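J.: A single structure is presented below for examination.
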Amino acid sequence: MKEKLKDILIESIKEISNTSLDLEEIEIQIPKKKEYGNFSSNIAMKLAGRVKMSPEKLANKIKDRIINKYDFIKDINVMGAGFINFYLKEEAFIKEHLKSIENGDFKKLKPKNKNVKVAIVLNKLRDILNLQSFRGFINMYYLAKIYDFAGYKTRKLVLVKDNDINLNIKYFLSNFKNIEIILDKEELRDSIIFCSTLDQGKLKGLDNKRFTIEEVNILKNGHKINKTTFSELLDIIGIDRIKYTLSSKAINKKITIELTNDDLRYIQYPYSRITSVINIFKDEGIDIDSIEDFNEKLLTDVLEKEMINKIMEFKDIITETIDKDQPYRFIKYSKELCDIFYKINASTLFRQLSNEKLIALLKLLNSVKIVLEEILNTLELPVYEKM
């Protein structure tokens, strides 16, 4: 879209003053505040002297020249000494944004080149096999993973008073990457700390951000089970469901694991279903990977617009998760994304769609699939093409 706006500005300025420009002379910025539009340019201020006009007059002439000429432009506002702010129609971004997801641009965040330490405090290392302590551990681990995704350099620390490691614990910890077991609390300085109890959190001399873990309840058909060990739970539902469920709510709230409800499947199935649909139509001659152009104006359904807006929020949710240091926000986002998919899937008869509409919808769903794969990989959860 930036390149398109540059071409439009070059053409309009040439018509106004017969002045030749090249793309390098045109600067298009994304304003920090949304009220200043989708894009902004100070080109009128830069060229005012060359064309012998005031910046404001030149900016308004540019505005008048293009305001009604392009259907994707919603409004243009001239501000200050000649800033031109462009407000674009929502559908103007659809094709560009879906293409950016295909290219992987959506996950290219600007790293702050900052070191981050995230830690869990335990009395003994074997406490990690306690369900409540493991909840703190996996939240710590996932938070570090999301920091990693955003470009930070993280350390994942487990502080123990008694390093009672044995083969079983060593084998269990091998499921997780780059875990550091430490004994010196001074290494926690400037860390984000998860603690099972308030007493553990009272680490004198350290002014740190801390999260205390609330209890975990086990239910079966709605009835509480009082005597289920962590090892038994592993055998019943597996490590992946445990990891996902224990991170699906804020850590300072109680959480339940309902044995009869596979909530992890809820975010795994959409990836599988979308892959299946895309492959079916690919076998029939519609290969969306080889289709560059499609009619984004056909994505007019309320749910389709909701889905487009949701996948556009991906970078924002990464930032929000890091700002609040709460990994559940990332998982909450993944569930909201899947909520919309299930509604689209239930209300769509793919074979009754026109060819143009089908291609547009498949392009949208493929973007959802790409985002979901990134989410599942970040959470180190299985990605299935068939379920």
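The values are calculated or read from the model by the stated rules, or taken from the named source; none is laboratory data. Just so you know, these numbers come straight off a predicted model, no measurement behind them. For neighbour counting, all protein chains shown are included, and Cβ atoms are generated from backbone atoms with ideal geometry for every residue, glycine included. Side chains included, ligands, DNA and RNA excluded: accessible areas come from the protein's heavy atoms. Shrake-Rupley method; radii C 1.70, N 1.55, O 1.52, S 1.80 Å.
J.: Which one is farthest from K156 (Cα to Cα), of the residues in the range 113-136 that are basic (K, R) and touching a strand residue (DSSP E or B) at 6+ places or on another chain (Cβ under 6 Å)? Spell out the reasoning first.
T.: First, pick out the residues of the range 113-136 that are basic (K, R): 114, 117, 124, 126, 135.
Filter once more, keeping what is touching a strand residue (DSSP E or B) at 6+ places or on another chain (Cβ under 6 Å): 117, 124, 135.
Values: K117: 6, K124: 17, R135: 15 Å.
Out of the qualifying residues, it is K124.
J.: Please determine whether any residue of the range 119-136 is closer than 18 Å to K209 by Cβ and without any contact (Cβ under 8 Å) to a residue 60 or more places away in the chain.
T.: Checked the range 119-136: no residue is closer than 18 Å to K209 by Cβ and without any contact (Cβ under 8 Å) to a residue 60 or more places away in the chain.
J.: For residues in the range 215-229 being modelled with pLDDT of 90 or more and either in a helix (DSSP H, G or I) or of a type in the set (D, E, K, R) (or both), which is farthest from D262 (Cα to Cα)?
T.: By that ranking, first place goes to K224.
J.: Among the residues of the range 310-328, what is the count of those that are under 20 Å from K209 (Cβ atoms) and of a type outside the set (A, V, I, L, M)?
T.: Final tally of qualifying residues: 9.
J.: Does the range 300-316 hold any residues that are closer than 17 Å to K369 by Cα and among the hydrophobic types (A, V, I, L, M, F, W, C), and which are they? Steps first, answer last, please.
T.: First, pick out the residues of the range 300-316 that are closer than 17 Å to K369 by Cα: 303-315.
Answer for the range 300-316, where residues must be closer than 17 Å to K369 by Cα and among the hydrophobic types (A, V, I, L, M, F, W, C): L303, M307, I308, I311, M312, F314.
J.: Just checking, how many residues over the range 244-272 are within 15 Å of L376 (Cα to Cα) and open to solvent by 70 Å² or more (accessible area, probe 1.4 Å)?
T.: 2
J.: Considering only residues that are over 25 Å from K89 (Cβ atoms), part of a loop (DSSP other than H, G, I, E, B) and open to solvent by 100 Å² or more (accessible area, probe 1.4 Å), which ones fall in the range 35-76?
T.: Once the filter is applied, which keeps residues that are over 25 Å from K89 (Cβ atoms), part of a loop (DSSP other than H, G, I, E, B) and open to solvent by 100 Å² or more (accessible area, probe 1.4 Å), the range 35-76 yields only K52.
J.: Same structure, new question: Applying the selection to the range 4-34, what residues are open to solvent by less than 20 Å² (accessible area, probe 1.4 Å), within 20 Å of E90 (Cα to Cα) and in contact with a helix residue (DSSP H, G or I) (Cβ under 9 Å, 6 or more places away or on another chain)?
T.: I8, I28
J.: Can I ask one more? Among the numbered criteria (1) under 20 Å from V371 (Cβ atoms); (2) modelled with pLDDT of 95 or more; (3) open to solvent by 70 Å² or more (accessible area, probe 1.4 Å), which single criterion is violated by D289?
T.: (2)
J.: Now for a separate question. Checking the conditions here, which among E380, E385, E356 is open to solvent by 10 Å² or more (accessible area, probe 1.4 Å), outside any loop (DSSP other than H, G, I, E, B) and touching a residue at least 24 places away in the same chain (Cβ under 8 Å)? Break it down into steps so the answer makes sense when it comes.
T.: On the way: E380 fails: outside any loop (DSSP other than H, G, I, E, B); E385 fails: outside any loop (DSSP other than H, G, I, E, B).
Exactly one of E380, E385, E356 is open to solvent by 10 Å² or more (accessible area, probe 1.4 Å), outside any loop (DSSP other than H, G, I, E, B) and touching a residue at least 24 places away in the same chain (Cβ under 8 Å), namely E356.
J.: Do we have any residue at all in the range 119-129 that's farther than 22 Å from L188 by Cα and outside any helix (DSSP H, G or I)?
T.: no
J.: When you look at I181, is it open to solvent by 20 Å² or more (accessible area, probe 1.4 Å), in a strand (DSSP E or B) and farther than 20 Å from F330 by Cβ, yes or no?
T.: Values: open to solvent by 20 Å² or more (accessible area, probe 1.4 Å): yes; in a strand (DSSP E or B): yes; farther than 20 Å from F330 by Cβ: yes.
It is true that I181 is open to solvent by 20 Å² or more (accessible area, probe 1.4 Å), in a strand (DSSP E or B) and farther than 20 Å from F330 by Cβ.
J.: Could I ask something else about it? State all residues of the range 143-178 that are assigned to a helix (DSSP H, G or I) and surrounded by fewer than 12 Cβ atoms within 10 Å (Cβ to Cβ); if no residue qualifies, say none.
T.: Here is the first cut: in the range 143-178, the ones assigned to a helix (DSSP H, G or I) are 143-149, 167-173.
Result: L167, N168, K170, Y171.
J.: Oh, and also: Is one or more of the residues making up the range 240-255 in contact with a Lys or Arg (Cβ under 6 Å, 6 or more places away or on another chain) and more than 22 Å from Y171 (Cα to Cα)?
T.: yes
J.: Is the range 329-341 home to any residue that is exposed (fewer than 15 other Cβ atoms within 10 Å of the Cβ), farther than 17 Å from S100 by Cβ and among the aromatic types (F, W, Y)?
T.: No: the range 329-341 contains no residue that is exposed (fewer than 15 other Cβ atoms within 10 Å of the Cβ), farther than 17 Å from S100 by Cβ and among the aromatic types (F, W, Y).
J.: Now for a different question. A346 versus (1) open to solvent by 30 Å² or more (accessible area, probe 1.4 Å); (2) aliphatic (A, V, I, L, M); (3) in contact with a helix residue (DSSP H, G or I) (Cβ under 7 Å, 6 or more places away or on another chain): which is the lone unmet condition?
T.: Here A346 clears every test but (3).
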